[in-house]
Amino acid sequence: MPSFSRFTTISGATLREGGIVNGLETGPVVQIAYLKCLPLDPIDPELSLGVEGLGFHELLQTTLSGEVDISEGDILVVEAGSYPIRAIEDWNWKGIDFHLLTLQDMK
């Protein structure tokens, strides 16, 4: 993992929809206060053609490592903005857990 960590240059956090408190719906709350990920990269537009309902939105991707509590629908917040997490793929390579996140860029 030391070699991968050199490339995780983006600091971020995740938000998750809150719940209902005293009959009122709360907004997103911090789920993970600090994480490191690879820089956000656009996904080839041809790969996102089958994704319905995106309109003028662009899909991005990033990778992070470790055991983290991330779910589809969470919001990844990085210095460049906030991105809803559309999909998560879990990978394992040489005993290291990786998560490939597909993000929606809300243009």
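Considering (1) under 13 Å from THR63 (Cα atoms); (2) out of contact with any Lys or Arg (no Cβ under 7 Å at 6 or more places or on another chain), say which one THR8 fails and leave the rest.
Evaluating THR8 over (1) under 13 Å from THR63 (Cα atoms); (2) out of contact with any Lys or Arg (no Cβ under 7 Å at 6 or more places or on another chain) leaves (2) as the failure.
Among the residues of the stretch 1-30, how many are crowded, with 17+ Cβ neighbours inside 10 Å and farther than 16 Å from ILE88 by Cα?
Looking only at that region, the number is 3.
So which of GLU79, GLU72, GLU46 is modelled with pLDDT under 90, farther than 14 Å from ALA13 by Cα and loosely packed, with under 13 Cβ neighbours inside 10 Å?
Of the residues listed, the single one that is modelled with pLDDT under 90, farther than 14 Å from ALA13 by Cα and loosely packed, with under 13 Cβ neighbours inside 10 Å is GLU46.
Given the conditions (1) assigned to a strand (DSSP E or B); (2) at pLDDT 90 or above, report the number of the one that ASP97 does not fulfil.
The one condition ASP97 does not meet is (2).
List pairs: first residue in the stretch 52-64 and modelled with pLDDT of 55 or more, second residue basic (Lys, Arg) and surrounded by fewer than 18 Cβ atoms within 10 Å (Cβ to Cβ) anywhere in the structure, Cβ distance under 7 angstrom, at least six positions apart or on different chains.
That search, which allows pairs on different chains as well, returns PHE56/LYS107; HIS57/LYS107; GLU58/LYS107; LEU64/LYS36.
The values are calculated or read from the model by the stated rules, or taken from the named source; none is laboratory data. This is a predicted model, so every value here is computed, not measured. So basically every Cβ, Gly included, is an ideal-geometry build from the backbone, and we count neighbours across all protein chains shown.
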